[in-house]
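First comes the structure, then the notes that go with it.
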Amino acid sequence: MLYNISQSENTRNGKLTMSVGTAREKDIIAVLSHGLGGDLVHDIADCKPEDLRYKDELISVKHVSGKTKTPPKVSWTVDNNKVVNTKVEFLSPSKKHCHILYTQVAPPVIIITMITGQAVKEVLLKFGEKAFKVNTGTNNRGIEFTTTAFKELLARAVFTVTIHNVAFDYKCPIKHRKQLLGRV
């Protein structure tokens, strides 16, 4: 239901907009918050790598759309200095890495995968600089895992949940709002 709303709210001319990622992360956080209650902290500053904290565990929420298990962004930035600093920070043996909650939305299926922070650390130390891909150009949008490193992360997942028969019932956001207003 929540993904359906996000899908509708973040579609323009039949295509998903970039803001769908933020909306879907909020959907995931809302579901986890509902299920886990007060132990889940989700009001974390945007400059942090984690999106959630559950007790003492840091969790980064990542998602992709489509049938391919596309590597997610490690960090969203257009600042080249931040890209370099992120690599250095993430490759530090003393860094405590976030768990990754990775969601792939590919109707009629949604796949949710959890990768531990320890697995992230081991894979990054194994691959070093080759764990990261940085797109160049004026709109690179940050640093992401390479396909090879990400496949290794997925292979080390602690669990994967597949939800079948997912259907998105697209509603025009304006028409949907007008229907809601008609009920008032």
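Taken together, the values in this text are just the output of simple stated rules run on the coordinates, not laboratory data. Computed from a predicted structure; not experimentally measured. With ideal geometry, Cβ positions are generated from the backbone for all residues, glycine too; neighbour counts draw on all protein chains shown.
If the Kirkwood radius is taken over C-alpha pairs of the chain, then at 37 °C and 0.692 mPa s the Stokes-Einstein diffusion coefficient equals 185 µm²/s.
Any idea what the relative contact order of the chain is, in percent, if you count C-alpha pairs under 8 Å spaced at least 6 apart? Computed value for the chain: 20 percent relative contact order. The ASN135 and LYS175 beta-carbon pair, evaluated with R₀ = 25 Å, returns a calculated FRET efficiency of approximately 0.10. The longest part of the chain holding none of the exposed loop trypsin sites (Lys or Arg not before Pro), meaning those outside H, G, I, E and B in DSSP with at most 15 other Cβ atoms within 10 Å, is 1-54. Counting other Cβ atoms within 10 Å as a rough exposure proxy, the listed residues LEU91, LEU154 run LEU91, LEU154 from fewest neighbours to most. By the count of other C-beta atoms within 10 Å, a proxy for reagent exposure, GLU9, GLU89 are ordered fewest to most as GLU89, GLU9. What is the distance in Å between the Cα centres of the range 140-159 and the range 18-79? The two parts, judged by their Cα centres, are 15 Å apart.
Kindly put ASP79, ASP169 in sequence by how many other C-beta atoms sit within 10 Å of each C-beta, fewest to most.
ASP169, ASP79
So, counting K/R as plus one and D/E as minus one, what does the shell of residues with Cβ under 11 Å around VAL64 add up to? Here the charged neighbours net out to +4. Between VAL74 and ILE143, GLU144, PHE145, the built amide H atoms are under 5 Å apart, and every one of these is 5 or more places off in sequence or on another chain.
Hand me the chymotrypsin sites (Phe, Trp or Tyr not before Pro) from the range 63-171 located in a DSSP loop with no more than 16 other Cβ atoms within 10 Å, in residue order please. Mind dumping the intermediate values first?
Numbers: sites: TRP76, PHE90, TYR102, PHE127, PHE132, PHE145, PHE150, PHE159, PHE168, TYR170; in loops: TRP76, PHE168, TYR170.
In loop regions of the range 63-171 (DSSP not H, G, I, E or B), the sparsely surrounded chymotrypsin sites (Phe, Trp or Tyr not before Pro) are TRP76, PHE168, TYR170.
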